[in-house]
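This report refers to the structure that appears directly beneath it.
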Amino acid sequence: MIYKRSSALFAEAKKYIPGGVNSPVRAFKAVGGDPIFVKEAKGAYLYDEDGNKLIDYIASWGPMILGHAYEPVITAIIDKAKKGTSFGMPTEIESELAKLAVSMVPNIDKIRFVNSGTEACMSAVRLARGYTGKDKIIKFAGCYHGHSDSFLIQAGSGAVTFGSPNSPGVTQGTAKDTLLAGYNNLEEVNALVNANKGEIAAIIIEPVAGNMGCIVPTDAFIKGLRELCTAERILLIFDEVMTGFRLGKGGAQEALGVAADMVTFGKVIGGGLPVGAFAAKEEIMNHLAPDGPVYQAGTLSGNPLAMSAGLAMLTELNTNPEIFDSLAKKTAFLHEGIGKALEKKGVPHQINRFGSMISVHFTDEPVVDFASSVKGNNERFNTYFHGMLNQGIYLPPSAFESYFLNDALSYADLEETIAAVEKVTF
Ligand SMILES: Cc1ncc(COP(=O)(O)O)c(C=O)c1O
């Protein structure tokens, strides 16, 4: 495939935008080569600036669960846009989306809309701190909760000690309140809680992780976290920015059978427009301004265009919940096909999958946490990525990202994808 125009556009973008992109993963740094500039998309396909057609496995990193330019969502946005795009005053549609979201997700009474997943997680943690009167949080190595300072902390060698910043600009003062544990490692969490008795406001987790590839929690781990949080009066925050309205109507809480105290959303809830949200039981949410003292605000929060896209999207998912099963079946089909193709080639790999999230790790050890995910063979991943891209299959351009299937993908698309794996020369 030829990417001349994309490369020229990238060169131009780099003159004015740092790295030529507005979000780093788009720059292809992990896999090498120039990123592809999209012209338009419809259903399961991306059409790039060079006229190539690509089968899309990132779905804008999750939101486009029903495929691109999904008619009811687009119509809702257009109709709304004609009536004005922002007022800075309340609108009825905010309550409509809130009511629907609360009816679909267990254990939440109220929801506050923001503009991104980052804002949602950042605000949820502030509320957790304000509600509990405690400062520290526990997060898991390899889990991403957006780019706010408290979350940009990487696991050092001693997870039971204070975190250290892994991005310049995050102060030690902030880092010291974020404690790190290994995913699927309840003992480490217990040790942190014991070493910081009465000081931990919240444990925040991707209930099915998607930012170190897809990693599924063990039942004992996720249920153990719930028990620990209840016993120690710690709020359990499920970051459902990826999993919310993707793993089922009720997201990971429903899929795993575990109740969270607070839930954050992004991606699907905005139907492809910039929306994030955080939600909890009334008792917790009432601590938020203007009802309570914990401040949080946003000029464009609850924006009518974004709400209309979110409402159209959630309405589709709520009225056609069989979509979740259909997506999970397609993902299982892909899993089996890719697995067989790689086996035939003798390429060591692990495939992790949950619902419509899936990732391929090029290692022969089970991938259960960040430490095991970084053992994957990156060179092999890059060969795989470019080998697939050359055949018109757009996979996440990083070994540490989950694929997000969209329901517009047909079995013929999946078969084409599997056939492409068979043709990659490793
Ligand atoms: C689990 C999770 N939380 C939070 C975020 C941040 O969301 P946003 O990029 O909308 O700020 C992401 C982004 O990918 C995510 O995957």
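Computed quantities for the displayed model
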item: Test: residue in the stretch 97-105 that is out of contact with any Gly (no Cβ under 8 Å at 6 or more places or on another chain), within 16 Å of the ligand (Cβ to nearest atom), in contact (Cβ under 8 Å) with a residue 24 or more places away in the chain and not hydroxyl-bearing (Ser, Thr, Tyr); result: no
item: The stretch 327-373 - residue that is hydroxyl-bearing (Ser, Thr, Tyr) and within 19 Å of residue 208 (Cα to Cα) and, of those, modelled with the lowest pLDDT; result: 373
item: Hits in the stretch 364-419 - residues which are among the polar types (S, T, N, Q) and either assigned to a loop (DSSP other than H, G, I, E, B) or under 21 Å from the mean Cα position of the chain (by Cα) (or both); result: 372, 373, 377, 390, 391, 398, 402, 406, 410
item: Selection status of residue 339, outside the structural domain of residue 252 (by TED's automatic domain parsing) and out of contact with any helix residue (DSSP H, G or I) (no Cβ under 7 Å at 6 or more places or on another chain); result: yes
item: Residue under evaluation residue 419, criteria (1) among the hydrophobic types (A, V, I, L, M, F, W, C); (2) surrounded by 20 or more Cβ atoms within 10 Å (Cβ to Cβ); (3) more than 21 Å from residue 246 (Cα to Cα), criterion not met; result: (2)
item: Answer residue from the stretch 113-159, given it is among the polar types (S, T, N, Q) and modelled with pLDDT of 95 or more and is farthest from the chain's Cα centre (by Cα) among those; result: 132
item: Tabulated pairs, the stretch 138-152, first near the ligand (Cβ under 8 Å from one of its atoms), second among the hydroxyl-bearing types (Ser, Thr, Tyr), C-beta under 6 angstrom, 6+ apart or interchain; result: 146/118; 147/118
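The values are calculated or read from the model by the stated rules, or taken from the named source; none is laboratory data. All of these numbers come straight from a predicted model, not from anything done at the bench. Every residue, glycine among them, receives a Cβ derived from its backbone with ideal geometry; neighbour counts consider all protein chains shown.
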